[in-house]
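Worksheet for the structure shown next.
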Amino acid sequence: MLMGLMGGRDMKRNFSLFSVLGITALLCLPAQADFLDKLKSGIKAVGDVLIQDEDSCSSITGLVGSVFGYGTATQAADIGCLVGGELMEILGEEDQEELAKSTEQAIATGESSTFEGANSGVQGTVKVTDTTTTQQQASIVVLKDKVQEMPPLELIGAEYAATAGTNVRGGPGTDYKVVGTLTAADTVQVIAKVEDQSWYLIGQGGVATGFVYQSLLAPTGQIGWGKPAPEGEVAELEVSTQVTCRTIEQQVTLDDGSVHTEQITACQKPDGTWEMA
């Protein structure tokens with residue numbers, strides 16, 4: 001879950017229409033006839049929460065989760081913390097949405113991206129200015145009846161899609177039992193890659209559900225936090241992890257030529273999500 005302050009910046013964060021619109025685009029929520037009505041009703045409620053507690057992103061989690069109909073804690077709610085402050089105030093809704101997409105892509109892939117407003121003349125660049133990796137002990141939440149082993153991991157925290165039908169196994173190898181299957185184009189949360197092995201640990205809602213061979217999954221360019229945790233008994237397993245932090249620079253040029261810049265730092269968490277450092 002993305003929580004905390006916008007690293008090192010003393011500014012007021014505002015939750016505009018984009019913050020919620022961006023969540024819908026990033027999470028690929030299913031279309032609903034009344035979705036926009038829910039969206040609009042949620043905007044004011046979310047904004048009211050941030051006015052009361054502008055320094056807390058985590059305080060809006062349950063509220064936004066209820067707006068979108070999620071049954072459990074929703075990591076998606078806190079994505080609004082990624083794009084705040086001055087940029088939220090000066091950009092229109094469409095440009096805000098494009099900025100959020102580019103920011104998510106930069107965090108998920110480590111690659112820079114650009115965008116240009118179709119009607120506003122706004123140009124934007126989101127680039128990774130620094131990446132650091134540290135070794136840390138972490139607790140990974142797993143489904144007890146599916147995950148048999150937890151080797152050292154390199155955290156990833158991104159959405160991937162199956163390139164073909166494949167088995168999900170209880171450990172990083174074909175000698176482990178099959179605990180599930182994926183069909184081509186199914187999307188999953190890749191929590192981590194097994195160190196020195198070509199296997200991914202996958203899961204949903206922050207709970208690990210098994211391992212898939214690396215070549216059978218491809219990144220979508222999204223973080224992808226939309227699915228709730230699966231049902232079943234869980235356990236926490238201690239494991240050594242490589243944790244990556246990325247410093248992201250968001251820069252936009254308005255149609256009047258003025259340039260505005262924000263900087264954030266996001267770090268991986270052992271549940272497959274990212275948080276503000």
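Values computed for the structure shown
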quantity: For residue 108, net neighbour charge (Lys/Arg +1, Asp/Glu -1) across residues whose Cβ lies under 11 Å away; calculated: -1
quantity: FRET E, pair residue 233, residue 181, Förster distance 30 Å, beta-carbon r, rounded to 0.05; calculated: 0.90
quantity: Fewest-first sequence of 140, 191 by Cβ atoms within 10 Å of each Cβ; calculated: 140, 191
quantity: Local net charge near residue 221, Cβ-Cβ under 12 Å (Lys/Arg +1, Asp/Glu -1); calculated: -2
quantity: Sum of side-chain charges, residue 234 neighbourhood, beta-carbon under 12 Å (Lys, Arg +1; Asp, Glu -1); calculated: -3
quantity: Label-point separation in nm, residue 261 to residue 118, each point 7 Å along Cα→Cβ; calculated: 3.1
quantity: Mean shadow area of the range 133-243 over all directions, Cα convex hull, nm²; calculated: 6.3
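Computed from the coordinates by the stated procedures, all read-outs in this text should not be read as laboratory data. On a predicted model such as this, the values are computed, not experimentally measured, just so you know. When we count neighbours, we look across all protein chains shown, and the Cβ atoms used for this are built from the backbone with ideal geometry, even at glycine.
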